[in-house]
Amino acid sequence: MKKLILSISSLIMMVIFLVCFSNNVDASSSTSWNFKDSSFKSLGTISSTTTIDDLTLNATSSKTMSVKANSVTVDSTSYTYCLALGGSGCTSYRSIQVPVEGESTIKVILDAAASRTLVVADSNGSQLSTISASTTAAQGTYSYSGSSGYIYLYSSNSNINIYKIQVDFTGDSSSSSSSSSSSSSSSSSSSSSSSTTSTSWNFKNSDFKSLGTITSTTTVDDLTMNATSSKYMVVKANSVTVSDTEYTYCLSLRGAGSTSYRSVKIPVNGASTLKVVVDAESSRTLAIADEDGTRLGSISVSATAALATYSYSGSGSYLYIYSTSCNINVYKIQVDSTGSSSSSSSSSSSSSSSSSSSSSGTTVTSYSALVSAISSAESAGGGTVYVSGTTIACSGQIALSQSSANVVIEGIKNSDGSYPVLEFYSFLEDYIGTSTSDSAVGIRITGSYYTVKNLIIQHAPDNGIQIKGSSACYNTVSNCIVRYNNDAGLQVTNDAAYNTIKYVSSYRNCDIYTLGGNADGFAPKLGAGAGNTFTYCYAWDNSDDGWDSYDKSGDLTPDITYINCACWHNGDSTTFTGEWDFNEGNDLDTNMLLVKLICAKSSSFASNYAAGTLSLPTSSFISTSSGTLSISSWKSNYDGNPNGFKFGSAYSSSSCVRTVKNCVCWDHDSKGFDNNNSSCTASFTNCMAFDNGYNYYISPFTITSWSGVYGFDGSNSNKLPSGYSVTTPSSSSQSTIRSTCKSTAASIISNCANDIIPGAVTFDIF
């Protein structure tokens, strides 16, 4: 991986050299306004002149504009809100007043219902040029070479939708061509040697500067600031000037951080240049880490505010920045994603209603298009398939079997913050009342180097996602939800090795027809290979364990790592009949398959439930491995295990290593951390268990590290290796821990219910 570390002093010297002596290189900075930002999308109808973050929207009561939800994708970037100009305009109404500082390039993402013209005018109202808008959303550009001030954008005839405006200030350049002012437009057919897209966050913007002290993980416009009540950050007023650009607010990191706190999580799209405007009271170091927490490089920060850059060439979705020691002030962050070189961007136009291609990937909206696009990417030796929409009905399995595939399957966030759902219910209907096999898995990965991210997988007839076989290595499942599947949410098995599972929520998976004994939240078991890791993953309300690493005779799951994971309330049969929700005062969850079967058997069940009466059918109607059973018989024969983390079985030997760090589990009738008769070797760092039958049942484990292990209110005494003990928090601390865990869990559950993927959530208890 290419790494670029620039010291601030060397950067300043470079800038001075370029400004004073170069006629050919721009000393650029950039400002952008995206209408999906909350300060814009909340405006709705605009009937008077309104200014947001120095961008002025001119309107009157009779010449209105509006900000509305509308989703388009340009160069693999999704835009979800636009400013609808409403009709023809002028400098006084239905126009946008854009600040410029001398020589600039104005970039506009736009479309229209038919071919239209966007006028570019100077501050005196004189037309400088035009930008073409068509039915296909695209980026248009205009090169401005006048003095500092404003330009205006407005339609010459009917409505035009504008999604984003960006101004790249190129500074003084005596070699600038005078013809730049007539470089009127850039449409979807424009040529370019590189398809660079830019996203920036300036802490002077109203969404940020209103935050003040940040004491919990907070996301604004896809930029996540990680903080806790004790490791907080602050957005504050502080003015500095860098390359003639004034910055008036900063994010004060306050002290040393990590990927979990006092850090900024920055979305990237492959190869990118990260630009940050920073300073500090004295020389300090800003660390750069990937989404796994691996430190990639650093940026030197001094008392003089300056722009520093870092070149990233990986394939991850996020980078983290944090101070290695004391406070650093961050004024602006910008990511320039270089993407793929392309001679034409016209390929981004839709070729059908369900699939569209671009130089950096294919966007699909249907199951058939998804399967076809994956096959094409595999044949091409790699690529990205973007899934767009709310619900994609999947009538069969998504099979990923290519070796060294280098294929990414990525959901595109919708305007309401939700992500696409891969709905396998029509596939599941083929298996109702019957046994299943690997052919009934939703997404089945038997190949290597696949990434599945930003997707919700539900109602698969078997596992939601399965990673299986010795060839199933180096795959990544990131930022997903797996739920309501008829077996484990996500399973890794049969020598599948070095797979990364991160930011995944798994809940309410239940294998009804085998009496609930198989559907764990996560199942790295039955001879899973080496090097599989789970980071920021959460499991609750599953019919079997939260995590299960059961090995049968002849299997060996050598090592598993669990970091920042949590599980609660697994293995309760009443969850799936609706009884638990009823007793908790929750609405009936009709997404659960057993509830669907109950409603089909008793037409009044749902209405009775809503009216406050739980009336389960009494006749036998559930076809299981034990015969056709009634609800009461199904529960009495229930085979699910109410455990949190199950680490192995009697066949798992001391050569099986379990690394557990920053993990918490509660509300399991049997065990929180469970050896399940195994004799694994394990390390525990910062772990918490409470309100379980046994909080820790891990004798006779071989312990290699034991630090910060806490527990309280277990129904039974812990079973621990000789010489080890669990620390009991004070009574007041117990109350805080329980409250924090349950409120954090409630937030995760609420987001999932709204199809919003929680991502990495920290349980702030250690």
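The values are calculated or read from the model by the stated rules, or taken from the named source; none is laboratory data. Since we're looking at a predicted model, the values are computed, not measured. Neighbour counts run over all protein chains shown; Cβ positions are idealised from the backbone, glycine included. Only protein heavy atoms, including side chains, enter the accessible area calculation; ligands, DNA and RNA are left aside. Shrake-Rupley method; radii C 1.70, N 1.55, O 1.52, S 1.80 Å.
The charge dipole of the stretch 536-578, taken about its Cα centre with unit charges on the Cβ atoms of Lys, Arg (+1), Asp and Glu (-1) only, comes to about 80 debye.
Go ahead and collect, in residue order, the members of the stretch 672-715 whose backbone nitrogen is under 18 Å from a label point 7 Å along the Cα-Cβ direction of Thr728. From the stretch 672-715, the list is 672, 688-697, 708-715.
Per residue, how much accessible surface does the chain expose to a 1.4 Å probe? Answer in Å², no decimals.
In whole numbers, the chain has 37 Å² accessible per residue.
Of the residues Val477, Asn329, Ser448, the one whose Cα sits farthest towards the positive end of the charge dipole of the chain is Asn329 (charges of +1 on Lys and Arg Cβ, -1 on Asp and Glu Cβ, taken about the Cα centre). Karplus-derived 3J(HN,Hα) values for the stretch 252-266, using 6.51 cos²θ - 1.76 cosθ + 1.60 with θ = phi - 60°, are 8, 5, 6, x, 4, x, 8, 5, 8, 8, 6, 9, 10, 9, 10 Hz; glycine and proline are entered as x. Under 5 Å from the amide H of Leu296 lie the amide H atoms of Ile288, Ala289, Asp290, each residue being 5 or more positions distant or on a separate chain, with H modelled from the backbone and absent for Pro and chain starts.
Met225 contributes an accessible area of around 0 Å² to the protein surface, as traced by a 1.4 Å probe with all chains present. For the chain, the fraction of 1.4 Å probe accessible surface lying on carbon and sulfur atoms is 43 percent.
Taking only the Cα atoms of the stretch 631-766, how large is their convex hull per residue, in Å³? Taking the convex hull of the Cα positions in the stretch 631-766, it is 142 Å³ per residue. Provide the FRET efficiency to the nearest 0.05 for the Thr685-Ser62 pair, computing r from the beta carbons and using R0 = 60 Å. With a Förster radius of 60 Å, E is 0.35. The Stokes-Einstein estimate for the stretch 581-706, based on a Kirkwood radius over Cα pairs and taken at 37 °C with 0.692 mPa s viscosity, is a diffusion coefficient of 188 µm²/s.
Compared with the alpha-carbon gap, the fully stretched path from Ser739 to Ser42 is longer by 247.6 nm at 0.36 nm per residue. Kirkwood analysis of the stretch 505-555, using all unique Cα-Cα pairs, places the hydrodynamic radius at 11.6 Å.
Per the Debye calculation on the stretch 544-596 with a single equal scatterer at every Cα and no solvent contribution, log₁₀ I(q)/I(0) for q = 0.16, 0.28 Å⁻¹ amounts to -0.68, -1.12.
Using the Stokes-Einstein relation with a Kirkwood hydrodynamic radius computed over Cα pairs, the translational diffusion coefficient of the stretch 425-516 at 10 °C and a viscosity of 1.306 mPa s comes to 122 µm²/s. Under the convention that each Lys and Arg Cβ holds +1 and each Asp and Glu Cβ holds -1, the size of the dipole of the chain around its Cα centre is about 880 debye. Placing unit charges on the Cβ atoms of the charged side chains and taking the dipole of the stretch 192-317 about its Cα centre, the candidate lying farthest along the positive direction among Ser200, Ile288, Leu274 is Ile288. Peptides 290-296, 538-544, ordered by how many other C-beta atoms sit within 10 Å of their residues on average, highest first, read 538-544, 290-296. Please give every one of the lysines within straight-line cross-link reach of Lys719, meaning a C-alpha to C-alpha distance under 25 Å, and leave out same-chain neighbours fewer than 8 residues apart. Qualifying lysines at Cα under 25 Å: Lys525, Lys552, Lys646, Lys661, Lys671.
With a 10 Å radius around each residue's Cβ, average the other Cβ atoms per peptide and rank 466-477, 426-437, highest first.
Values: 466-477: 22.1, 426-437: 14.5.
The packing order, highest mean first, is 466-477, 426-437.
Kirkwood radius for the stretch 204-295, taken over all pairs of different Cα atoms as the inverse mean of 1/r, rounds to 14.3 Å. When its C-alpha radius of gyration is set against 2.2 N^0.38 Å (N residues), the stretch 21-169 gives a value of 0.99. Computed from backbone phi with θ = phi - 60° and the Karplus coefficients 6.51, -1.76 and 1.60, the 3J(HN,Hα) list for the stretch 691-697 is 6, 9, x, 10, 5, 10, 10 Hz; x is used for glycine and proline. The amide H of Leu629, built 1.01 Å from its N in the peptide plane, has Phe621, Ile622, Ser623, Thr624 as neighbours under 5 Å, considering only residues 5 or more places off or on other chains.
Put simply, the Cα atoms of the stretch 581-628 extend 32, 17, 16 Å along their principal axes, the longest span coming first. 3J(HN,Hα) along the stretch 405-417: 5, 6, 10, 10, 10, 10, x, 9, 4, 7, 5, 8, x Hz, from the Karplus curve 6.51 cos²θ - 1.76 cosθ + 1.60 with θ = phi - 60°, whole Hz, x for Gly and Pro. Amide hydrogen proximity for Ser129: with H placed 1.01 Å from N in the peptide plane, the residues at 5 or more positions away or on another chain lying under 5 Å are Val120.
Restricting the count to DSSP beta bridges whose residues both fall in the chain, what percent are antiparallel, rounded to a multiple of 5? So the antiparallel bridges in the chain amount to around 55 percent.
Computed across the chain, the Kirkwood radius stands at 28.0 Å (inverse of mean 1/r, all Cα pairs). Translational diffusion coefficient, Stokes-Einstein: compute it for the stretch 457-561 using the Kirkwood radius over C-alpha pairs as Rh, at 10 °C and 1.306 mPa s, and state it as an integer in µm² s⁻¹. The estimated diffusion coefficient comes to 122 µm²/s. Considering only alpha-carbon pairs that sit under 8 angstrom and 6 or more positions apart, the relative contact order computed for the chain is 7 percent. Mean projected area of the Cα convex hull of the stretch 648-705, taken over all directions, amounts to 3.5 nm². Go through Ile467, Ala121, Ser61 and say which Cα lies farthest out towards the positive end of the charge dipole of the chain; charges sit on Cβ, +1 for Lys and Arg, -1 for Asp and Glu. Checked the options; the winner is Ala121. Counting only residues at least eight positions apart within a chain, or on another chain, the lysines with an alpha carbon under 17 Å from that of Lys453 are Lys265, Lys413, Lys502. Spacing of the modelled spin labels on Ser439 and Ser633, each 7 Å from Cα toward Cβ, amounts to 2.9 nm.
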